[in-house]
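Student: Before we start, here is the structure in question, set down as structure tokens.
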Amino acid sequence: MICDVVFDLPLRRAFSYAVRPGLKLARGQRVRAALQGRARVGIVVALREGDEHGLKPVDGAVEPVPILSAATLELCRWAAAESLSSWGSTMLSLLPPPPRARAAEPVAPAPEPQPASPTAPELWTGASREARLIEELESSQDATLLIAPDRDTAGRWAERLDAARLDSGASASARRAAWFAASRGRARIVAGTRSALLVPLPPPAKLVLLDEHDPAHKPPGPPRLHSRDLLLRRAALEGNRLLLLSATPSAETWWRAQSGHVARRDGGAAAWPAVVSADTRGILRHHPVTPVLGRAIADAARAGRRTVLIVMRAASALACDDCGVLLRCPDCAVPLARAPGALRCRLCGRSEPLPTRCPGCGGHHLSLFGWDAERVEAAVHRRFPRLTISRKDRGAQVLIGPATVLKGRASGSLGCVGVIALDALLRVPDFRASERALELLWAAAEAVGAAGRVVVQTLHPEHEAIRAARDQDLAGFFEHELKLRLELGYPPFRRLCLVSARSRSAPEAQALLEECGAALRGIPGLIVYPPAPLSGAGTHAGRWRFLIKGPEELPRLISQPLGPFVERRRRLGGMVEVEMDPLE
DNA sequence: AGCACGCCGACT
DNA sequence: GTCGGCGTGCTC
């Protein structure tokens, strides 16, 4: 007997091993086998009769039963093809870590899902979505998998629902135990992050994705696939119900709902705060707080309620007062961000000492441009000397931080949220900037509740994201947004793929990308954009990229020509990375 | 991805 | 004369 095994390698092919007579193996089972003399963990993808001559034997099984069902094996094969990565790395990055030695943990095989009558995935929006979810889960006996965008959120929900945890917040053995307990129906609800996506569940099962729009559902690295896309596929194959929860869904999911592939369950309007914009013209240059926001902070404090001020990441740079030039990274051309005692490029990480004179005109008047948390804290402290102001203490009267400080707050727990400079977010050269702005303002409105106030400082008070957040109008926002996406040929109407190369020098990276581009020439239906530095206009950095725009079947069209570049990444001293459906 | 093999520069 | 850089190729 021969078995074919895939490993956590960037290789498409499987490796064949001899199965010794006494060893009972099945597809989907984890095994240890020698690869280049070292024992490694792989997954059996096929068993067949054949000539075992010259094959090394499998050392043994990691668990006595398959950890993945045949259906899940196929699900992962699809996911790997869809993301141009290998079958093995896709599967192994989604499994709990193997036990160090042979452990006698009680395990049950992954149940083979029974294809049930398909039910349309559901998109739950609106005020009461989380309360409705808890009600739904408590009134049901179905096995349920809850996927959260991050560990904190997974932990909160696990506690709230008394669920077993399957993310890296739990120990490796606890994760394995939860995995096999879920497959036997012993743990009715399991909660986790991406690493829990493949947990086998006895039918009928329910799949839940929290904060469907969150880019944390597709972090860098394998599996290079959005959790939403994997769950949509899994639910369709297994006939499971899938609930996608989000206050501000992605345009992709909204479009699916609009075209009838997803059923929208709108929880209705919430009691909503006033969302007001404050014109920053002539003010932001000198002070981070407009009179409107200043009054809101004072009012909240007087009412004994807390304020959160949102600043954008890397919002502060150094500019010359004489010639107006912004200090940029010599390699990447993006503005250098202020770090303690230095300037740092947030792209390549290079650190420069704080200069005393302008590299352009030699002037001595260099001043900060933009408002980071540190500068805002100092300015607000001067303005409100009697309030407690902090960048860390969640209990301070005024808390200053990035958008993530709004995560996990009960509705109505804040008196005021101020967005110091929404324009810093809108200026980002990303077609999803509007969506991100809406997400931020909506989260702010939910966090303050009806009695609070959201103040948005901007030069664009008429921006669609601000209007939609003020009017609590998702439908209006997406009508506008999807029209733009269609006109410009962006997702969900076209698919994107980002091909990037890293090398010592720009010419090397460019040459490497030139090779990739040449391999794609002549494929109908693709638009291959010319290579550009990874961000900004720097021409010296060895990080370049190009974008491919194409139809739904884009991964199938480019997997053959780009295959050699992803399989053998070290060529000409550079590395090629291919990312389907990039979020940045 | 690791790891070995292999061919050109600075050292006890 | 060797030690060691990392470019290229292979792993059942």
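None of the figures in this text is laboratory data; all of them are computed from the coordinates on show. Treat the numbers as computed from the prediction; the structure is a model and nothing was measured. FYI the Cβ positions are ideal-geometry reconstructions off the backbone, even for glycines, and counts take in every protein chain you see.
Student: What do you get for GluC sites (Glu not before Pro) in the stretch A:1-104 restricted to DSSP loop and a cutoff of at most 10 other Cβ within 10 Å of the site's Cβ?
Tutor: Values: sites: A:GLU49, A:GLU52, A:GLU74, A:GLU82; in loops: A:GLU49, A:GLU52.
Hits after loop and neighbour filter: A:GLU49.
Student: Compute the orientation-averaged projected area for the stretch A:2-92 from the convex hull of its Cα atoms and round it to one decimal in nm².
Tutor: 5.5 nm²
Student: When the helices in chain A are scored as -39500 (n - 2.57) per DSSP H run of 4 or longer and the sum is shared across all residues, what 222 nm value do you end up with, to the nearest 500 deg cm²/dmol?
Tutor: Computed ellipticity for chain A at 222 nm equals -9000 deg cm²/dmol.
Student: If you stretched the chain out fully between A:ARG77 and A:LYS483, how much longer would it get, using 0.36 nm times the residue separation minus the C-alpha to C-alpha distance?
Tutor: Full extension from A:ARG77 to A:LYS483 adds 142.8 nm.
Student: Subtract the Cα-Cα distance of A:LEU547 and A:PHE431 from 0.36 nm times their separation in residues, and report this length gain in nm to one decimal.
Tutor: Roughly 40.4 nm would be gained on extension.
Student: Further, regarding this structure: What length, rounded to one decimal in nm, is gained on full extension from A:SER259 through to A:ARG382, with 0.36 nm per residue of separation minus their alpha-carbon distance?
Tutor: Length gained, A:SER259 through A:ARG382: 39.0 nm.
Student: Quick check on the stretch A:122-266: what does the Kirkwood estimate of hydrodynamic radius come out to from the alpha carbon pairs, in Å?
Tutor: 15.1 Å
Student: Next up: Kirkwood Rh, Cα Rg: Rg to Rh for the stretch A:495-580?
Tutor: Result for the stretch A:495-580 is an Rg/Rh of 0.95.
Student: Follow-up. With the Cα gyration tensor of chain A in hand, convert its eigenvalues to equivalent ellipsoid semi-axes via √(5λ) and list them largest first in whole Å.
Tutor: 44, 32, 22
Student: While we're on this one: For labels at A:LEU47 and A:ARG184 in the simple 7 Å Cα→Cβ model, what's the distance in nm?
Tutor: For the pair A:LEU47/A:ARG184, the computed spacing is 2.2 nm.
Student: A:ILE523 to A:HIS460: FRET efficiency via 1/(1 + (r/R0)^6), r the Cβ-Cβ distance, R0 51 Å, to the nearest 0.05? Numbers along the way, then the final one.
Tutor: Working: r = 39 Å, r/R0 = 0.77.
Computed FRET efficiency for A:ILE523 and A:HIS460: 0.85.
Student: Next question. Just want the answer: with Cβ charges of +1 for Lys and Arg and -1 for Asp and Glu, which residue in A:LEU326, A:SER411, A:LEU526 is farthest toward the dipole's positive end in chain A?
Tutor: The Cα lying farthest towards the positive end belongs to A:LEU326.
Student: Within chain A, what is the number of lysine pairs with alpha carbons under 26 Å apart, leaving out pairs fewer than eight places apart on the same chain?
Tutor: Counting lysine pairs in chain A gives 8.
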